[in-house]
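Below you'll find the structure, written out as structure tokens, and then a few comments.
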Amino acid sequence: MLLIHLIMELPFLVLFPGENNKLIIQHVYGAQHPPFDPLLHGTLIKPGSKPPTTPVKLKKVSTFQEFESNTSDAWDLGDDDDELLAIAVENLNTEVVMETAHKVIQNHSKLQEQHKFQEEHQQEEKQVESAELTSIACGDNRLVKSVSEGHTSSSSDNASENSSMQRSQSLPQTSTPPLVSGVADFNTSVTPALTEREASRLDKFKQLLAGPNTNLEELRKLSWSGIPKRVRPIAWKLLSGYLPANVDRRESTLQRKRKEYFAFVEQYYDSRNDESHQDTYRQIHIDIPRMSPEVLRLQPKVTEIFERILFIWAIRHPASGYVQGINDLVTPFFVVFVCEYIEEEEVENLDVSSLPEEVLQNIEADSYWCMSKLLDGIQDNYTFAQPGIQKKVKMLEELVSRIDEQVHVHLDQHEVKYLQFAFRWMNNLLMREVPLRCTIRLWDTYQSEPEGFSHFHLYVCAAFLVRWRKEILEEKDFQELLIFLQNLPTVHWGNEEISVLLAEAYRLKFAFADAPNHYKK
């Protein structure tokens, strides 16, 4: 049964005759990244297999029996099959295949565990019922309570022992001590155990980051599909260009940049009450309570940190100054860098003031520099009249008109302008459209893509709009359409939905990025 599911979920292979009647195997094209690297995946090709030296001639088949006898099963062992599989491996993205296989195996294992748990639960209920019947027959009502309590406590003890054993086996060992005492110790017990695939990916990141010089190209390839939470802070700092690839230079770089930031604070922050800067500071003060998540924005310590970061950036970038929407771009960096010092699953529930002052200063400085690196690539979005956003919205309209003309015409017929809903998508990088956890996952890929925040974001927005084509086409009123597009139902979205969105965006980029005139009518 497991083999059948595995076969059904693997990418399809297309078999067709090529030149000189050679048999060619190709997979159905889909969005794949990073591309297959034979050096990394060479072990998947069997060493004993040889490249085919003679062409395979296609034979005319008259009956199904002849077809069946002349066709080999892709899962049978044999020299011919090894040759075919060797060809297929060169064309297939093996990461996609392996990922799909792992998912099938994990789903199968989960189903088996659920069935086993249900059977055990039914046996426990039968034992409790028999104990109750025995106590009623004996006339001792206390027996029911003692038996049920004893059984419950023993089962909970066993469950906790099993879970701790699974966690110790599946989680990679780390010698890094928790930097925040108490908080980290408490949350170690509630952090869910990693799956086998997650643990394997974490090991790959740790091995890559452990070297004396981190290979940034390999880090981008690994990070495109998402970065494990435990290594995301260091990965983001490397991908953004804030930290050097050389390990020996990192500590001195951190110290220098953090010292430089607080020198800016000392130099500029007192001027926030000057007449020339009052408007900027007032707008920052108004916008911060609008940011997400709600619990963080209500904390005075967080408000204070964000005000300093945004004001210093605005003073040091007079060409654009502060513009509404920039305040949202600090949040993902702040949340990710907080995770470097705690192991709490939901940062939104953390009392930030409980962290040591030195830790908060490090988080503040790191967030400032990484946000600055991001804005350096999209600063024309925030200069006067925001020409960068105007241009991207126009490109989005042209792109959607080519990939889904029906949606484009429907919006046009009901006089819905792209600027009315897509301006915020570009200005806030979709942060107001999806939950924070999805934004962080999205930024893993953005920082792995060349010009991810400026160029690749366009294709993500196009895929995001077309994702709702059914709901859009059902709306027949301007007001209802606009309300829907400004309040898309993504509150329950997670990594799976974002991964599908990114795959579709990559497909669009592959089709249109190198031919910009192709999507113009």
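The number of residues in the stretch 398-413 being free of Cβ contacts under 8 Å to residues at least 24 places away in the same chain and either touching a strand residue (DSSP E or B) at 6+ places or on another chain (Cβ under 9 Å) or buried (at least 19 other Cβ atoms within 10 Å of the Cβ) (or both) comes to 1. Residues in the stretch 415-432 that are more than 23 Å from the chain's Cα centre (by Cα) and either open to solvent by 40 Å² or more (accessible area, probe 1.4 Å) or acidic (Asp, Glu) (or both): Glu415, Lys417, Leu419, Gln420, Phe423.
Yes/no matrix, rows are residues, columns are (1) more than 15 Å from Leu298 (Cβ to Cβ); (2) out of contact with any Ser or Thr (no Cβ under 9 Å at 6 or more places or on another chain):
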{"position": "His317", "(1), (2)": "yes, no"}
{"position": "Gly321", "(1), (2)": "yes, no"}
{"position": "Gly325", "(1), (2)": "yes, yes"}
{"position": "Leu329", "(1), (2)": "yes, yes"}
{"position": "Tyr341", "(1), (2)": "yes, yes"}
{"position": "Val347", "(1), (2)": "no, yes"}
{"position": "Ser353", "(1), (2)": "no, yes"}
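Just checking, which of Ile315, Ile305, Ile363, Ile309 is closer than 30 Å to Ala385 by Cβ, open to solvent by less than 20 Å² (accessible area, probe 1.4 Å), in contact with a helix residue (DSSP H, G or I) (Cβ under 6 Å, 6 or more places away or on another chain) and of a type outside the set (Gly, Ala, Ser)? I'd like the intermediate steps shown before the answer.
Values: Ile315 fails: open to solvent by less than 20 Å² (accessible area, probe 1.4 Å); Ile305 fails: closer than 30 Å to Ala385 by Cβ; Ile363 fails: closer than 30 Å to Ala385 by Cβ.
After applying the criteria, what remains is Ile309.
Screening Phe337 against (1) open to solvent by 10 Å² or more (accessible area, probe 1.4 Å); (2) in contact (Cβ under 8 Å) with a residue 40 or more places away in the chain; (3) assigned to a helix (DSSP H, G or I); (4) closer than 28 Å to Ile227 by Cβ leaves a single unmet condition, (1). Filtered by the rule that a residue be acidic (Asp, Glu) and over 22 Å from the mean Cα position of the chain (by Cα), the stretch 365-379 gives a lone residue, Asp376.
Tallying residues that are part of a helix (DSSP H, G or I), open to solvent by 10 Å² or more (accessible area, probe 1.4 Å) and polar (S, T, N, Q) within the stretch 373-393 yields 2.
Within the stretch 277-291, which residues are buried (at least 16 other Cβ atoms within 10 Å of the Cβ) and under 20 Å from Val336 (Cα atoms)?
Ile288, Met291
Return a yes/no flag: does the stretch 486-501 have any residue that is of a type in the set (Ser, Thr, Tyr), assigned to a helix (DSSP H, G or I) and farther than 27 Å from Leu329 by Cβ. Even if it seems obvious, please write down each step before you answer.
Our first condition is that a residue be of a type in the set (Ser, Thr, Tyr); within the stretch 486-501, this holds for 490, 499.
When the remaining residues are screened for being assigned to a helix (DSSP H, G or I), the result is 499.
Imposing the further condition that a residue be farther than 27 Å from Leu329 by Cβ reduces the set to none.
No, there is no match, as no residue in the stretch 486-501 is of a type in the set (Ser, Thr, Tyr), assigned to a helix (DSSP H, G or I) and farther than 27 Å from Leu329 by Cβ.
Looking across the stretch 214-225, just one residue is open to solvent by less than 40 Å² (accessible area, probe 1.4 Å), under 17 Å from Glu451 (Cα atoms) and outside any helix (DSSP H, G or I), and that is Trp224. Within the stretch 468-479, restricting attention to residues that are part of a helix (DSSP H, G or I), within 24 Å of Leu501 (Cα to Cα) and not aliphatic (A, V, I, L, M), which residue is least open to solvent (accessible area, probe 1.4 Å)? Among them, the one singled out is Glu471. Selection of the stretch 258-276 for residues being crowded, with 18+ Cβ neighbours inside 10 Å and either more than 26 Å from Leu243 (Cα to Cα) or touching a Cys at 6+ places or on another chain (Cβ under 9 Å) (or both) yields only Arg272.
Return the residues of the stretch 463-474 that are in contact (Cβ under 8 Å) with a residue 24 or more places away in the chain and closer than 14 Å to Gln406 by Cα; say none if nothing qualifies. Don't jump to the end; show me each part of the working.
Within the stretch 463-474, the first condition is being in contact (Cβ under 8 Å) with a residue 24 or more places away in the chain, and the residues that meet it are 463-467, 469, 472-473.
Those that are in contact (Cβ under 8 Å) with a residue 24 or more places away in the chain and closer than 14 Å to Gln406 by Cα: Leu465, Val466, Arg467, Arg469, Ile472, Leu473.
The values are calculated or read from the model by the stated rules, or taken from the named source; none is laboratory data. These numbers were taken from a predicted model, which means no experiment stands behind them. Cβ sites come from the backbone with ideal geometry, for glycine too, and all protein chains shown count toward neighbours. When the accessible area is computed, the model is the full protein with side chains, heavy atoms only, and any ligands, DNA or RNA have been set aside. Shrake-Rupley method; radii C 1.70, N 1.55, O 1.52, S 1.80 Å.
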